[in-house]
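Peer 1: Quick one: structure below, then a few questions.
Just so you know, all these numbers are worked out from the coordinates, no wet-lab data involved. Small disclaimer: the values here were computed from a predicted structure and weren't measured. Neighbour counts run over all protein chains shown; Cβ positions are idealised from the backbone, glycine included.
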Amino acid sequence: MGETDREWVSFEDPTEERTWVFDVTFLLSRWACIFGQGCQGVLTGPAAALVQGCCSYGAHFTDAADEARTEAAAATLTAEQWQFRKEGRTRGVIKTNAGGERVTRMVADACVFLNRPGFAGGPGCALHRAALERGERPMDLKPDVCWQLPLRREERDDGGGHITSTIVEWKRSDWGAGGDEFHWWCTEAPEAFTGAGAVYRSMADELAGLVGDEVYGRLATYLDARAGGSVPLPHPTVRGG
């Protein structure tokens with residue numbers, strides 16, 4: 001993988017011409033989202049008071065199905081759940097940006113779905129809030145990139161039909177030149193590595209959504225055993241690496 005500060009595991013997919021590779025170091029870490037609990041956001045300076053997290057920019061869509069699911073979910077939101085419901089319904093929640101990419105619309109310098117401090121329902125993603133109120137999973141309403149963060153699936157085709165799929169954490173560098181402008185990024189922040197349990201359990205639904213139930217089951221079985229064995233390699237962020 002080119003990194004000596006991480007532990008990895010790989011295995012062959014039982015049904016496809018695919019090799020799965022997983023970042024064990026991150027998946028066994030205690031990373032947890034700290035939105036509204038010290039998250040400084042992804043602007044050019046510390047902005048914890050804005051309570052925007054990584055929602056300061058429009059979310060990119062992976063495909064037409066991702067767009068359709070998000071639009072359908074938006075149509076179900078109430079005014080009590082969504083601060084910018086009027087704007088979203090009037091102008092639409094998705095636009096094509098200057099680079100030709102399909103993204104969620106921005107309103108008042110952040111994502112249209114982001115409720116701001118002072119809103120009666122509190123700050124945070126309106127889609128996320130609606131899902132929790134209904135007893136549903138936020139990942140079933142939110143754009144793919146939003147529910148996947150900070151997990152990232154990378155694909156490499158060997159040219160002969162065999163695919164290598166790697167599950168890693170999103171790093172600052174994954175955002176290209178724009179990532180250099182972030183004042184803060186959560187997988188680089190020790191304060192975000194204080195969760196109650198390992199990532200592979202706290203994000204079980206998200207991992208299964210990325211790799212499928214069968215592959216996730218195999219991964220979890222391995223990591224259960226791995227966690228109970230020798231001491232896992234600490235994440236570079238918490239060991240100052």
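Peer 1: Specify whether the C-alpha gyration tensor of segment 55-145 places it in the rounded, prolate or oblate class, a ≥ b ≥ c being the square roots of the eigenvalues: rounded for a/c under 1.5, otherwise prolate if a/b is larger than b/c and oblate if not.
Peer 2: The shape class here is oblate.
Peer 1: Cross-link candidates for LYS171: which aspartates and glutamates have Cα within less than 19 Å, leaving aside residues fewer than 8 places away along the same chain?
Peer 2: Those aspartates and glutamates meeting the cut-off are GLU3, ASP5, GLU7, ASP23, ASP144, GLU154, GLU155, ASP180, GLU181, GLU188, GLU191, GLU206.
Peer 1: Let me ask another. Match the structure shown to one of the listed values [x] 56, 34, 29; [y] 52, 39, 37; [z] 70, 59, 36 of Cα extents along the principal axes in Å, computed from it, and give that label.
Peer 2: [y]
Peer 1: Let me ask something else about it. By how many nm would the segment from HIS60 to THR44 lengthen if fully extended, with 0.36 nm per residue of separation less the alpha-carbon distance?
Peer 2: Length gained, HIS60 through THR44: 3.8 nm.
Peer 1: Using 1/(1 + (r/R0)^6) with R0 = 45 angstrom and r between the beta carbons of THR221 and ASP109, what's the FRET efficiency to the nearest 0.05?
Peer 2: The value I calculate is 0.50.
Peer 1: Another question, if that's okay. Taking the Cα centre of segment 55-145 as the origin, how large is its charge dipole in debye, to the nearest 20, when only Lys and Arg (+1) and Asp and Glu (-1) carry charge on their Cβ atoms?
Peer 2: The calculation lands at about 300 debye.
Peer 1: If the reach is capped at under 20 angstrom between alpha carbons, list the lysines near LYS95, excluding any in the same chain fewer than eight residues apart.
Peer 2: Output for LYS95: LYS86, LYS142.
Peer 1: Further question: Grab the Cα-Cα distance for GLU71 and SER202, subtract it from 0.36 nm times how many residues apart they are, and report the gain in nm with one decimal.
Peer 2: Gain on stretching GLU71 to SER202: 44.4 nm.
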